[in-house]
Amino acid sequence: MLEVVRAIIAQIVGEEYLLDLQIAMDTSFEDDLEMESIEFVKLGARLTEHYGGNVDFAAFLADLDLDQIIEMRVGTVVDYIVDATA
Amino acid sequence: MSEIVANGVRLHVQHLNPVPASARAKPPVVFLHGLGMDNMASFYYTVAGAVAKTGAEAVLYDLRGHGDSERPRTGYTMEDSIADLGGLLDALDITVPVHLIGNSYGGTIALDFAVEYPHRVAGIVLIEAHFNVEGWAEQIAAERERVALVVAEMGEENLQAWIRRFGRKVVRMMDALSDLANHTSFYPDLTKARPIERDRLRALTCPIRAVYGERSDVPDYEKQLHDLLPHATLTVVPEVGHSVLMDATPQVREIVVDWLASQCAV
């Protein structure tokens, strides 16, 4: 699952940019990947396309506050997908 | 479906809980973000998820020149903004009236759209909205002038060097903003905004909910609301300013969700 999330992040930010970066569960979207907020929105939409409607990013974010979204790590998204597709 | 061509421009759209036109019973909720650095993420991160969780159909899009939408060289007048919105609703086959939730300039678009197409708007939530009345274009021009002075003082090269000390995210945001501000008709178009006649705003009958920060920098908003939209219900959120959506997210979220629920109950 981490591999799928990694591949989708690569589509969005560009494989070239990721060359020097390892994406692991504790990789931060903000500090490590330096993703723009709009890229994070696109990540959510592509995950829904890939996994189906049970992966509902907007609903996932609805329960979080802004700081939690900004500080989010890749692992949090992977865990959410595991839960949502169980 | 996240890219839609509307009014000849490719727009980045997120359509939550889409409903087929034939089965659409409730007004869809359309989110309109602000100008410049803003894009749909400010609503996606804050209010849209909570609205979608109630089961409501919700549409978020990046205005032209913003976020992941196309950044054409021209077409940034208010007339273009409302034509884009109308074109998007047409493209999504939304013919019923919608609720418009607008932040800052997004609220200005909501009001202009409602004045032009009252039959397409069921209700409006204004968050820190500006009013496109006489004097507004001059305020934008003055703001543009202030920014230009700061840039001139710093020197374009120094500014670029300073921006490049930051990471990928800031560089990308600033490059996009710089292209929009300096290489499109964005500012010239905004500063020639044709004000709406006050009586046309006063004639709006749809329900309006307004949210402003106690330290808002929108000039005279209370006076304008009182004069132009006396039936609007206003909440002033203490201790925050123009970025009330980001700085007081839980309150704004609750106000929007409760207001939408009250509209459905009518």
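The values are calculated or read from the model by the stated rules, or taken from the named source; none is laboratory data. Predicted model only: the values in this text are computed from it and were never measured. FYI the Cβ positions are ideal-geometry reconstructions off the backbone, even for glycines, and counts take in every protein chain you see. Remember, those area values only see protein heavy atoms, side chains included, never the ligands or the DNA or RNA. Shrake-Rupley method; radii C 1.70, N 1.55, O 1.52, S 1.80 Å.
When the helices in the protein assembly as shown are scored as -39500 (n - 2.57) per DSSP H run of 4 or longer and the sum is shared across all residues, what 222 nm value do you end up with, to the nearest 500 deg cm²/dmol?
On the way: 18 runs with 172 residues, N = 352.
Result for the protein assembly as shown, helices only: -14000 deg cm²/dmol.
Which residues of region B:163-202 show a drop of at least 30 Å² in accessible area when all protein chains are present, compared with their chain alone (probe radius 1.4 Å, heavy atoms only, ligands and nucleic acids excluded)?
So the qualifying set is B:ARG168, B:LYS169, B:ARG172.
Nearest 100 Å² is fine: how much accessible area is buried between B and A, summed over both sides, with a 1.4 Å probe? List each step's numbers first, then the result.
Numbers: alone 12860 and 5280 Å², together 16030 Å².
Approximately 2100 Å² gets buried when B meets A.
Indicate the residues belonging to region B:41-88 that lose 50 Å² or more of solvent-accessible heavy-atom surface (probe 1.4 Å) upon moving from the chain alone to the assembly of all protein chains, ignoring ligands and nucleic acids.
B:TYR44, B:TYR45, B:LYS53
Ranked from the most accessible area to the least, with a 1.4 Å probe and all protein chains present, what is the order of B:TRP162, B:TRP136?
Details: B:TRP162 110, B:TRP136 15 Å².
From most exposed to least exposed: B:TRP162, B:TRP136.
Under the definition of Cα pairs under 8 Å and six or more residues apart, what whole-number percent is the relative contact order of region B:6-101? Kindly include the intermediate steps, with their values, before the conclusion.
Details: 135 pairs, mean separation 41.8, N = 96.
Relative contact order comes out at 44 percent.
For the protein assembly as shown, report the accessible area per residue in Å² (1.4 Å probe, heavy atoms, rounded to an integer). Mind dumping the intermediate values first?
Values: 16030 Å² over 352 residues.
Result: 46 Å² of accessible area for each residue.
I'd like the carbon and sulfur percentage of the solvent accessible area for chain A, probe radius 1.4 Å, heavy atoms only, ligands and nucleic acids excluded. Please list the in-between numbers first.
On the way: 1910 of 4220 Å².
Exposed carbon and sulfur together represent 45 percent of the surface.
Between helix B:105-116 and chain B, what is the angle of the helix's C-alpha long axis to the longest principal axis, kept within 0 to 90° and rounded to the nearest 10?
The answer is roughly 50 degrees.
Compute the relative contact order of chain B as a whole-number percentage, counting only Cα pairs closer than 8 Å that sit 6 or more residues apart in sequence. Could you put the intermediate results ahead of the total?
Details: 435 pairs, mean separation 52.4, N = 266.
RCO, chain B: 20 percent.
Please report, as a whole percent, how much of the solvent-accessible surface of region B:83-197 comes from carbon and sulfur atoms (probe radius 1.4 Å).
Within region B:83-197, the accessible surface is 56 percent carbon and sulfur.
In chain A, which helices (entire DSSP H runs) extend 30 Å or more along their own long axis, judged by Cα positions, while averaging at least -1.0 on the Kyte-Doolittle scale? Before the final figure, lay out each step's value.
Values: long enough: none.
Span-like helices in chain A: none at all.
Which ³J(HN,Hα) values in Hz, rounded to whole numbers, follow from the phi angles of region B:197-213 under the Karplus curve 6.51 cos²θ - 1.76 cosθ + 1.60, where θ = phi - 60° and Gly and Pro get x?
5, 4, 5, 6, 5, 4, 7, 5, 10, 5, x, 9, 10, 10, 10, 10, x
Which order do B:MET37, B:MET78 take by accessible area at a 1.4 Å probe, largest first?
Values: B:MET37 100, B:MET78 10 Å².
Order by accessible area, largest first: B:MET37, B:MET78.
Hey, which lysines would be in cross-link range of B:LYS192, C-alpha to C-alpha under 25 Å, not counting anything within fewer than 8 residues on its own chain?
B:LYS223
Any chance you could give the angle, 0 to 90 degrees and rounded to 10, that helix B:136-154 forms with the longest Cα principal axis of chain B?
The angle comes out at about 30 degrees.
So if I average 1/r over every pair of distinct C-alpha atoms in the protein assembly as shown and take the inverse, what Kirkwood radius in Å does that give?
On the way: mean 1/r = 0.0474 Å⁻¹.
Kirkwood radius, the protein assembly as shown: 21.1 Å.
Over all alpha-carbon pairs in region B:128-266, figure out the percentage whose distance exceeds 24 Å. Write out the running numbers ahead of the final one.
Details: 4865 of 9591 pairs.
That tail contains 51 percent of the Cα-Cα pairs.
About the Cα centre, and with charges only on the beta carbon of Lys, Arg (+1) and Asp, Glu (-1), how big is the dipole of chain B? Nearest 20 debye, please. Before the final figure, lay out each step's value.
Values: 24 positive and 35 negative charges, 119 e Å.
Dipole size: approximately 580 debye.
In whole percent, what relative contact order does chain A give with Cα contacts below 8 Å and a gap of six or more residues? Show your work: numbers first, answer last.
Values: 64 pairs, mean separation 34.4, N = 86.
The value is 40 percent.
Kindly tabulate the residues in region A:3-41 with an accessible-area decrease of at least 40 Å² between the chain alone and the assembly of all protein chains, using a probe of 1.4 Å.
When all protein chains are present, A:GLU34, A:GLU36, A:SER37, A:ILE38, A:VAL41 each give up 40 Å² or more of accessible surface.
In whole angstrom, how long is each semi-axis of the equivalent ellipsoid of chain A, when you take the square root of 5 times every eigenvalue of its Cα gyration tensor and sort them from largest down? Each step should come with its number before you reach the end.
On the way: eigenvalues 71, 44, 28 Å².
Over the Cα atoms of chain A, the ellipsoid semi-axes are 19, 15, 12 Å.
Considering only chain B, what is the antiparallel percent among its DSSP beta bridges, to the nearest 5? If you can, show how the numbers build up before the last one.
On the way: 8 of 30 bridges.
Here the share of antiparallel DSSP bridges comes out near 25 percent.
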